Amino acid sequence: MPTVNAFAATSASGPLSRTTIERRDVGAKDVLIEIAYSGICHSDIHTVRGEWGDITYPQVVGHEIVGTVTEVGSEVTLHKVGDRVGVGCMVNSCRECENCIAGEEQYCLNGNTGTYASVDRDGTITQGGYSTHIVVVEDFVLRVPEAIPFEKAAPLLCAGITTYSPLAHWKVGPGSRVAVVGMGGLGHMAVKIAHAMGAEVTVLSQSLSKQEDGLRLGADHYYATSDPATFDKLKNTFDLIVNSVSAKIDINAYLSLLRLDGTLVSVGAPPEPLPVQVFSLFGNRRSFAGSGIGSIRETQEMLDFCAEHGIAPETELVAADYINEAYERVLASDVRYRFVIDAATLA
Ligand SMILES: [Zn+2]
Ligand SMILES: [Zn+2]
């Protein structure tokens, strides 16, 4: 088993630190990827701190991974040595349930295998992208088009697909009015993608501090939700609202902004329940929905879409030794808009 360098959490409260981990031998259907870049997602922080449940330490996180194929198993047909590839939030699924057969393996009824902190088929705990190499079964590996700058591509594998999937599912296109709640890692990608799909895009952010960025990235309008006049002005406006905020919001106030048959879809995950007034849904026959990452097929579609439209995340490249400081800045919303780790600094 190859031993590789990594950056791991060793407890819920301590800092992450350098370590080595073992990757499995490359099986017949596996590819070995030399990781080039790995994004830092807020989920990584929740996971290592045990905020989404107890985990086993040491744990390497990171599920926004791009790199180069350096070895393939004997039965691999989808990738070859030298290919630019990506790995997102999942590395396997049961392949047998109704949802897997429908090509929606992110919703695998037996639970998809997460890229980290998940029980793998061999019983080991999966270890993520803050590492120099990873071994992944070929059909959970994506092609990263040349048109996407490699050092910016990693966040597409979580932030990109998580926002692309609901925008595609609810058929956003020219004439659609889309609102994006929150201008962070997910929100800024939602703005870029919805704009590229042809929608009229509005950002609803707590303050106007990122207004200039929002308009530059493709928003047509930008409103502060701290101003109550915003909710009066925008009543009955949107076909789709994508909520990227993982904190409690006044869901009924946002629902009132949907026009006929509009949907508010949450991709942010507030820890506490959001009380919905059913009367908020009666008016305009509104829907309140959730959406989690996206399928492998849809992730490839998203990468190809981003290549075609010249879309890449706004990123800040950091060395591995900066990860702990980067976490503090993510928690303080002090990043525009995604940290990416240069895996060469782990070598
Ligand atoms: Zn993520
Ligand atoms: Zn399944």
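Here are a few things to note about the model shown:
- Qualifying residue in region 325-340 (condition: in contact with a helix residue (DSSP H, G or I) (Cβ under 7 Å, 6 or more places away or on another chain), surrounded by fewer than 15 Cβ atoms within 10 Å (Cβ to Cβ) and more than 25 Å from L217 (Cα to Cα)): no
- Contact map, region 270-286: first residue on the phi < 0 side of the Ramachandran plot, second residue open to solvent by 40 Å² or more (accessible area, probe 1.4 Å) and not in a helix (DSSP H, G or I), Cβ cut-off under 6 Å, separation 6 or more or different chains; pairs are P270/S246; P270/A247; P270/K248; E272/K248; V276/F288.
- Hey, D139 within 16 Å of ligand 2 (Cβ to nearest atom), within 20 Å of the chain's Cα centre (by Cα), open to solvent by 20 Å² or more (accessible area, probe 1.4 Å) and among the charged types (D, E, K, R) or not: yes
- In region 119-132, the residue that is least open to solvent (accessible area, probe 1.4 Å) out of those that are outside any loop (DSSP other than H, G, I, E, B) and away from ligand 2 (no atom under 16 Å from the Cβ) is S131.
- Each residue in region 1-25 was checked for being closer than 16 Å to T124 by Cα, open to solvent by 40 Å² or more (accessible area, probe 1.4 Å) and of a type in the set (A, V, I, L, M, F, W, C), and 1 of them qualify.
- Members of region 262-321 that are within 16 Å of ligand 2 (Cβ to nearest atom), open to solvent by 20 Å² or more (accessible area, probe 1.4 Å) and within 25 Å of V335 (Cβ to Cβ): G292, I293
- For region 155-246, the helices (runs of 4 or more DSSP H) that sit wholly inside it and include 1 or more residues that are of a type in the set (D, E, K, R) and free of Cβ contacts under 8 Å to residues at least 40 places away in the same chain are 211-217, 229-233.
- Residue check for L204: surrounded by fewer than 24 Cβ atoms within 10 Å (Cβ to Cβ), among the hydrophobic types (A, V, I, L, M, F, W, C) and either over 30 Å from R23 (Cβ atoms) or touching a His at 6+ places or on another chain (Cβ under 9 Å) (or both): no
- Residues within region 82-116 that are over 22 Å from R23 (Cβ atoms), of a type in the set (S, T, N, Q) and more than 8 Å from ligand 2 (Cβ to nearest atom), tallied: 1
- Region 105-118: number of residues that are in contact with a Gly (Cβ under 9 Å, 6 or more places away or on another chain) and either within 15 Å of I55 (Cα to Cα) or open to solvent by 40 Å² or more (accessible area, probe 1.4 Å) (or both): 6
- Considering residues of region 225-238 that are of a type outside the set (S, T, N, Q) and open to solvent by less than 50 Å² (accessible area, probe 1.4 Å) only, the residue nearest to G187 (Cα to Cα): F238
The values are calculated or read from the model by the stated rules, or taken from the named source; none is laboratory data. Because the structure is predicted, anything quoted here is derived from the model rather than measured. Using ideal geometry, Cβ is built from the backbone for each residue, glycine included, and neighbour counts are taken over all protein chains shown. What goes into the accessible areas is simple: the full protein's heavy atoms, side chains included, and nothing from ligands, DNA or RNA. Shrake-Rupley method; radii C 1.70, N 1.55, O 1.52, S 1.80 Å.
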